[in-house]
Structures are given as C-alpha cells and as structure tokens.
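Chemist: Mind looking over this structure? Questions follow.
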Amino acid sequence: MEYEVVIGLETHAELSTLTKLFCGCSTKFGVEPNTQVCPVCLGMPGVLPVMNKKAFEYSLKSALALHCEINKFTNFDRKSYYYPDLPKNYQISQNYYNLGVNGYMTIEVNGSTKKIRIHNVHLEEEAGKLIHPEEIGTNYSLVDFNRAGVPLLEIVSYPDMRGVDEVDSYMQTLRKILLYMDVSDCKMQEGSLRFEASISLREKGSDKLGNRVEIKNLNSMKAVIKAIEYEVGRQSKLLDRGETVARETRLWDAVTERSERMRSKEEAQDYRYFPEPDLLPVLIDEKWLHEIKGTIPELPLDRKLRFVEVFKLSDYDSGILTEEKVFADFFEECVKILNRPKAISNWIINDLLREVKDRKLDIHNLPIKPKQLASLIEIIEKGTISSTIAKEVFSEMIQSGKNPHAIIEEKKLAQISDESLIESIIEKVIATNPEAIEDYKKGKKNALSFLMGQVMKETKGKANPKIVNELLKGKVGV
Ligand code: ZN
Ligand code: MN
C-alpha cells in the first residue's frame, strides 16, 4: 500500500530575557548548577509568581509574526505532573486561552512556497535539568534548577507537513524568524530551541488521520529528520502487516538511531489543567498590540524575495544574505553607501562569510564596518588595486580593523600603472624568457599568459593587468 506521511511539530524556544518568567533570577546559560535560583523558581510554599513583561511581549511578538489571532484576554493554567525537575509539581503554562491561535508560517520547499498552519502559540515556564552522571556504577541523578522558570515559548503546528523536506524548511524558517526578532538565541546545542515531532501515516488519498506517534529527545535538526525517517519505516512495516500503530510517545536515541517507546500518549485531561490562581489574566489592548507590532522586523523570507526583486540578486545569493539578519543588515548598509549590490553581495558571500567561518568571528561584533567594505569596492573600481590584491587588503582589514586606504599605503599595494615602469619590466621578462617568445611565434597562444604571469610575479601582483596586457601584446607583435 502507498502511504502519505503526516507530520506536525511542537517547538519550544527559550526566550532571551535577562531574568526568569516569574522571578528575578538570571537566565544565564552554563553557570554553576543551582546558583540562579530563589524561593519562587524552587517552588517553595507561599511564594507568588510575578509576570515578566518582556517575556510576555516577546511571545506576543512571535505570535503576531506567525500571523496568529491574538486572544485579547489570556491567562495561565497549571499543568500538573510530577517529575524531579519540576519542584512545584506543576508547570505554569497556557491551555484554555492561548496567547495566539490559528496562525500560519510560509515555508519554501524546492522553490515553491507553502503555508503551514499554526495551531497555537503560548507562553510557559521551563523545567529544571536532570543530569545523569555517565560514570559506570552511579545510581543517582542530579538536578540543576538554574533552568527552572526560564520563559519558554511553545509553538504548535497543525499536522500540515508531508515529508522531511517540509519539516526541514519549517524548522529553518521558524528558527530564522525567532532569530530575526531577537526573542531567542535558538541554540539547539544549549537546548534553547527544541522540536518534537508527531508522525502518522495514512493511505494515500484518505483524509482520515492515522494514529500518531510523538517523538521526543530530538537534540538537533538532523535528529528530527532521522527520527522521522525511522518512524515512517517503522509505521509502514506495522501497517503493511495489518497491525495498528499504538498512540504513544517515543524517545529518540541519536547513537543507535532508533526510537524506544517511552509511555502511552497522555491526554490533556491527564494534566488536570486549571487556571493559575496566583496570576491575573492579561488583557491586551489595541495600543499595546500596535506597539508590539511595530517592533517586528521584515521577516527573512520577505526580505529574501525583496532582495531578488529590488537588487536583482539571484535567489541563491539572496537566500545566503538573508540567512542571518546581521549580514542582510550589513548588505543593506553597504548598498546605501555604494550602489553596487552585486559586488557587495559577492564580497559578503565569498569573503566576509569565509573569514567569519575561518576565524570563528562573533557575527554580532564584526571587525569590519559596511563603510569599509564599500570603500574597498570603490578603490577596486577606480583601478587603484587589482582584485587579487584586494583580497589581501580585505583579509588585513578583518585582522586589524584598519581602513583599506591605510593598508594600501602602509604596504605599498597600490597598483602600478606607470607605463614606462611596466614596459621596462616587460623587457626584462622577455629578455630572460626567449623560448616563450619562440613558442608564441610558433602559435602557442598560452605563452602570452605565461609572460603576463612573469610580469605580475615581478611586480608582486601590483601591475595593472590591463596595461601589462596591452604593452605585452605590442612588444611580441600581436
Ligand atoms: Zn528564581
Ligand atoms: Mn510545553
């Protein structure tokens, strides 16, 4: 039988506020365990939560960017469950009045776009982190509550994805949107962005959903894709044999590349949701909504399409430039100074990005300013330096942060355009390479490029290639 794969994703993103959702503890990652805790986030009796306004605004901003309808009246609910990393034995989340509902996100797959509907966007608190010592023979686990109470945004999609290409694009697009809006650092390796997938199969052409399986413990986008592929294989085998797929939650093991059953799927009623009595509902008025809307930047896909349209860049280049907001901003700043979008785009994509990667530069603190790149391109266009020398200058700019003019002067890199000087060098090269002249006269055209190369070598690449070419042709008699 032929099956259709139906996939939905649940995304958790830690919001990058300085303090936790209901207390003033720091959210800094990677510090000594249990040093960023207080009675509130440790769930001591009698404490009261106070809402972090910034976290709420970041959530509202995200819900708006995902085209959600906003619940003007929203409140928080207790989701009860017992787990060692959850000191209160309930998580403050949203269930009855999610902040945002019925949204969508546009993704791009193989050159065409598709809307993936968003079921809801809500705000909740993060749990602590369990640490299982790896030494053999240890029979205990440790818990770090630094993470407990960090604001967590949950984004639940409809099961609108039909394959791993769409899932991949969904994850990348969502990550980019959150990064563009500066609401989360989206570091999957630090757990600040996590995905859970629910997967079911159905007979092709059917509109009835099959039993779905939820997969947790997916620590990278690669793991999400692998787990889905594995699950599709597992479920189709079961269905081929006429068996049913159990509704359950499974845990992905990235080492064995298999999933294991964790528990039967819990239902909402298992969590005994009820409105959080210690927090007031939040009422969102038009003015606030308008204010938050004003903080949403142009989103990555829109920006990419605009770059193609306005600057006539290729779809590919435009995609790379808009991958990170920093580079898209850098590009636009450069274009404002010097209207050479194609050249600027090339320098960013081929040179700046390579330097960033090679030198592991902090992209939020680049050693080069848009003005400096623009003036380098201007210098090249004026013919002061060749494009080969320009690469050297650029590398030096990255290292020292100096202006291109200063580097060219200091290192005496300006192009040699003095014809009599070039001519004397050509004569010297011809005199020492008589066989190349012979070859050329016998019709070996590449002898000319050889001679040209010798002249460039003599001048350490600084001779103006156009002048060398012309003079050389004159000398050998073309
Ligand atoms: Zn605290
Ligand atoms: Mn959640």
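The values are calculated or read from the model by the stated rules, or taken from the named source; none is laboratory data. Treat the numbers as computed from the prediction; the structure is a model and nothing was measured. Ideal geometry is used to build each Cβ from the backbone, glycine not excepted, and the neighbour counts take in all protein chains shown. Remember, those area values only see protein heavy atoms, side chains included, never the ligands or the DNA or RNA. Shrake-Rupley method; radii C 1.70, N 1.55, O 1.52, S 1.80 Å.
Chemist: Tell me yes or no: at least one residue of segment 57-65 is among the basic types (K, R), open to solvent by less than 30 Å² (accessible area, probe 1.4 Å) and assigned by TED's automatic domain parsing to the domain that holds T11. Show your work before the answer.
Modeler: Within segment 57-65, the subset among the basic types (K, R) is 61.
With open to solvent by less than 30 Å² (accessible area, probe 1.4 Å) added as a condition, the list becomes 61.
Retained after the next criterion (residues that are assigned by TED's automatic domain parsing to the domain that holds T11): 61.
Checked segment 57-65: at least one residue is among the basic types (K, R), open to solvent by less than 30 Å² (accessible area, probe 1.4 Å) and assigned by TED's automatic domain parsing to the domain that holds T11.
Chemist: Exactly one condition in (1) surrounded by fewer than 17 Cβ atoms within 10 Å (Cβ to Cβ); (2) free of Cβ contacts under 8 Å to residues at least 40 places away in the same chain is false for T106; which is it?
Modeler: It fails just one condition, (2).
Results for (1) part of a strand (DSSP E or B); (2) touching a Cys at 6+ places or on another chain (Cβ under 8 Å); (3) without any contact (Cβ under 8 Å) to a residue 60 or more places away in the chain, shown as yes or no for each residue.
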| site | (1), (2), (3) |
| --- | --- |
| G30 | no, no, no |
| N34 | no, no, no |
| C41 | no, yes, no |
| M44 | no, no, yes |
| P49 | no, yes, no |
| A55 | no, no, no |
| S62 | no, no, no |
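Chemist: Shifting gears a bit: Enumerate the pairs (first residue in segment 109-136 and acidic (D, E); second residue anywhere and within 14 Å of ligand 2 (Cβ to nearest atom) and open to solvent by 70 Å² or more (accessible area, probe 1.4 Å)) with beta-carbon separation below 8 Å, excluding pairs fewer than 6 apart on the same chain, so at least 6 apart or on different chains.
Modeler: none
Chemist: Hey, another quick one. Quick check on my filter: what residues within segment 81-104 are farther than 27 Å from E69 by Cβ and hydrophobic (A, V, I, L, M, F, W, C)? Can you show your working first?
Modeler: As a first pass, look at segment 81-104 and keep what is farther than 27 Å from E69 by Cβ: 81-90.
L86, the sole residue that qualifies.
Chemist: Can you spot a residue in segment 176-185 that is of a type outside the set (K, R) and over 15 Å from the mean Cα position of the chain (by Cα)? Step through it out loud before you land on a result.
Modeler: Of all residues in segment 176-185, those of a type outside the set (K, R) come to 177-185.
Next, only the ones that are over 15 Å from the mean Cα position of the chain (by Cα) stay: none.
Looking through segment 176-185, none of the residues is of a type outside the set (K, R) and over 15 Å from the mean Cα position of the chain (by Cα).
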